[in-house]
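Enquirer: If you scroll down you'll find the structure; I have some questions about it.
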Amino acid sequence: MKTFFSIFILTILIAPACFAQQKTKTDTVFFEDFNSETLDRTKWNVEVTGHTVNNEQQAYIDSSAVLYIAHGKDAEGAKNGALVIKAIYHPGYTSKELKKYDFLSGRINTRKKMEFTYGTASARMKIASGAGMWPAFWALGNGKWPDCGEIDMMETVGDSSWVSNAMHGPNYFGNTPLAYRYFFPANTNVDQWHIYSVDWTPDQLIFKTDDKVTYTVTRAMVEKYGRWAFDNAKFIILNFALGGGYPGGVNKIKSPYYGISQATVDKIKAGQAKVLVDWVLVTKN
């Protein structure tokens with residue numbers, strides 16, 4: 001009887017712990033470590049500029065000049081390698097739509113290769129700063145924008161002291177009311193490695209930087225403005241834009257390019273305008 005009682009008590013004590021472990025178990029939906037020699041095109045699509053939006057000043061091209069995998073010291077602290085998205089100065093580049101650009105850059109996505117509904121999407125990134133540099137880590141639904149829903153896990157427009165989170169959907173897009181700037185702690189900036197993420201559930205999105213909650217948006221907050229556009233599958237996008245509406249709206253720069261300072265142009269010419277991505281991870285409970 002004593003032995004039975006001891007086993008019974010032990011079972012009661014262990015069961016909640018086991019249940020908690022099961023409850024917090026996560027499954028990996030997608031993981032990209034960027035440890036190959038070239039971009040894995042079974043996971044990523046490379047976008048080429050068609051219709052340029054937001055008055056951005058760059059053309060996106062499919063080239064190792066702007067999209068490549070770095071290893072060793074060139075990976076700048078990413079042990080297994082890192083994706084590099086590099087902006088370059090190329091005056092007079094003409095797109096297939098016969099529009100001219102002075103800058104080239106890269107944009108990739110997982111559309112139709114990895115799409116997810118709910119879960120946690122994270123990326124470890126190191127980003128060069130400079131007025132008008134506009135890289136982003138974000139998720140987008142299929143269909144007409146903004147009805148498809150957009151989740152911006154990380155954007156920066158070149159000010160090294162902060163990054164922003166935002167959500168776009170029907171009646172809350174562009175200069176959306178659902179946006180927040182997170183300012184880094186003292187002696188920390190966007191030029192260093194950080195993990196940017198969002199926890200997405202049916203009723204809220206929780207944005208984080210280095211596992212610190214920066215912004216929480218609930219369904220009720222969204223529905224004050226329009227339809228909740230976050231019950232559909234999204235795909236991941238990584239891109240490095242230059243200038244345009246968001247940077248220009250913040251820094252008010254008109255020359256030498258809309259939203260881009262001369263100091264940033266010089267940085268691009270010097271080969272110092274780079275975004276490094278150590279890894280991208282999507283998990284589900």
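Enquirer: If you fit an axis through the alpha-carbon atoms of helix 2-24 and take the longest principal axis of the Cα set of the chain, what angle between them do you get, 0 to 90°, nearest 10?
Expert: 20 degrees
Enquirer: Could you work out what % of the accessible surface of the stretch 193-285 is carbon and sulfur, using a 1.4 angstrom probe and leaving DNA, RNA and ligands out of the count?
Expert: Details: 1980 of 3800 Å².
Carbon and sulfur: 52 percent of the exposed surface of the stretch 193-285.
Enquirer: Related question: Can you figure out the FRET efficiency of residue 142 with residue 80, using R₀ = 30 Å and their beta-carbon distance, to the nearest 0.05? Could you put the intermediate results ahead of the total?
Expert: On the way: r = 31 Å, r/R0 = 1.04.
Given R0 = 30 Å and the Cβ-Cβ separation, E is 0.45.
Enquirer: If you don't mind, another one. What dipole magnitude, in Debye to the nearest 20, does the stretch 98-148 give about its Cα centre under +1 on Lys/Arg Cβ and -1 on Asp/Glu Cβ?
Expert: Numbers: 9 positive and 3 negative charges, 39 e Å.
That gives the stretch 98-148 a dipole magnitude of about 180 debye.
Enquirer: Please return the longest stretch of the chain lacking exposed loop sites, where GluC sites (Glu not before Pro) count only if DSSP places them in a loop and at most 13 other Cβ atoms lie within 10 Å. Write out the running numbers ahead of the final one.
Expert: On the way: sites that count: 37, 97, 223.
The reported range is 98-222.
Enquirer: With every protein chain kept in place and ligands, DNA and RNA left out, what is the accessible area per residue of the chain? Probe 1.4 Å, answer in Å². All intermediate terms of the calculation are to be shown ahead of the outcome.
Expert: Working: 13860 Å² over 285 residues.
Solvent-accessible surface per residue comes out at 49 Å².
Enquirer: Once you keep just the Cα pairs under 8 angstrom separated by 6 or more residues, what percentage relative contact order results for the chain?
Expert: Values: 665 pairs, mean separation 76.0, N = 285.
This gives 27 percent for the chain.
Enquirer: Here is a further query. With charges only on Cβ, +1 for K and R and -1 for D and E, what is the dipole size of the chain about its Cα centre, in debye, rounded to 20? Could the numbers behind the result be given before it?
Expert: Working: 31 positive and 27 negative charges, 31 e Å.
My answer is approximately 160 debye.
Enquirer: A further question on this structure: Computing the accessible area with a 1.4 Å probe over protein heavy atoms, can you report the carbon and sulfur percentage for the stretch 71-162? Show your work: numbers first, answer last.
Expert: On the way: 1800 of 3640 Å².
The value for the stretch 71-162 is 49 percent carbon and sulfur by accessible area.
Enquirer: Oh, and also: Let me have the 222 nm mean residue ellipticity of the chain computed from DSSP H runs of 4+ only, each contributing -39500 (n - 2.57), with the sum over all residues rounded to the nearest 500.
Expert: My calculation for the chain gives -4500 deg cm²/dmol from helical runs alone.
Enquirer: Which of 109, 133, 120 sits closest to the plus end of the dipole of the stretch 94-134, meaning its Cα is farthest towards the positive end, when Lys and Arg get +1 and Asp and Glu get -1 on the C-beta?
Expert: Positive-most Cα among the choices belongs to 109.
Enquirer: Largest first and in whole Å, give the semi-axes of the chain's equivalent ellipsoid, each being the square root of 5 times a Cα gyration tensor eigenvalue. Don't jump to the answer; show the numbers that get you there.
Expert: Numbers: eigenvalues 289, 97, 66 Å².
So the equivalent ellipsoid measures 38, 22, 18 Å along its semi-axes.
Enquirer: Calculate how many DSSP beta bridges within the chain are antiparallel, expressed in % of all such bridges and rounded to the nearest 5. Don't jump to the answer; show the numbers that get you there.
Expert: On the way: 75 of 78 bridges.
Rounded to the nearest five, the antiparallel share is 95 percent.
Enquirer: So the label point goes 7 Å from the Cα of residue 51 along Cα→C-beta, right? Which residues of the stretch 164-186 then have their backbone N under 16 Å from it?
Expert: Residues passing the 16 Å test: 174.
Enquirer: Sticking with this structure for a sec: Sort out the exposed loop trypsin sites (Lys or Arg not before Pro) in the chain (DSSP loop, at most 14 other Cβ within 10 Å) and tell me the longest stretch that has none. Let's see the in-between values first.
Expert: Details: sites that count: 25, 41, 79, 96, 99, 112, 144, 224, 227, 252, 254.
Here the longest run is 145-223.
Enquirer: Where in the stretch 121-161 does the label zone of residue 285 land, with the point 7 angstrom along Cα→C-beta and an amide N cut-off under 15 Å?
Expert: Inside the label zone: 121.
Enquirer: Report the gain in length on full extension from residue 40 to residue 175: 0.36 nm times residue separation, minus Cα-Cα distance, nm rounded to one decimal.
Expert: Stretched fully, the residue 40-residue 175 segment lengthens by 45.2 nm.
Enquirer: Still on this structure, I have one more. Test of understanding: what is the full-extension gain from residue 266 to residue 112, defined as 0.36 nm times their sequence separation minus their Cα-Cα distance? Intermediate results must be reported in sequence, preceding the final value.
Expert: On the way: separation 154, 0.36 × 154 = 55.44 nm, distance 3.76 nm.
My answer for the length gained is 51.7 nm.
Enquirer: Same structure, new question: By how many nm would the segment from residue 193 to residue 223 grow when fully extended, if each residue of separation counts as 0.36 nm and the alpha-carbon distance is taken off? Don't skip to the end; give the middle numbers.
Expert: Numbers: separation 30, 0.36 × 30 = 10.80 nm, distance 3.46 nm.
So the chain would gain 7.3 nm between residue 193 and residue 223.
Enquirer: Which loop-located chymotrypsin sites (Phe, Trp or Tyr not before Pro) does the stretch 79-178 contain, where loop means any DSSP state but H, G, I, E or B and the Cβ has at most 10 other Cβ atoms within 10 Å?
Expert: The qualifying sites: there are none.
Enquirer: Whole-Å semi-axes of the stretch 101-207's equivalent ellipsoid, largest first, each the root of 5 times a Cα gyration tensor eigenvalue? Let's see the in-between values first.
Expert: Numbers: eigenvalues 107, 58, 44 Å².
They are 23, 17, 15 Å, listed from largest to smallest.
Enquirer: What number do you get for the stretch 131-285 when its Cα radius of gyration is normalised by 2.2 N^0.38 Å, N = residues? The partial results should precede the final answer.
Expert: Working: Rg = 15.9 Å, N = 155, 2.2 N^0.38 = 15.0 Å.
For the stretch 131-285, the normalised Cα radius of gyration comes out at 1.06.
The values are calculated or read from the model by the stated rules, or taken from the named source; none is laboratory data. These numbers come from a predicted model, not from an experiment. Backbone-built Cβ (ideal geometry, glycine too); neighbour counts: all protein chains shown. Note: areas computed on protein heavy atoms with side chains; ligands, DNA, RNA excluded. Shrake-Rupley method; radii C 1.70, N 1.55, O 1.52, S 1.80 Å.
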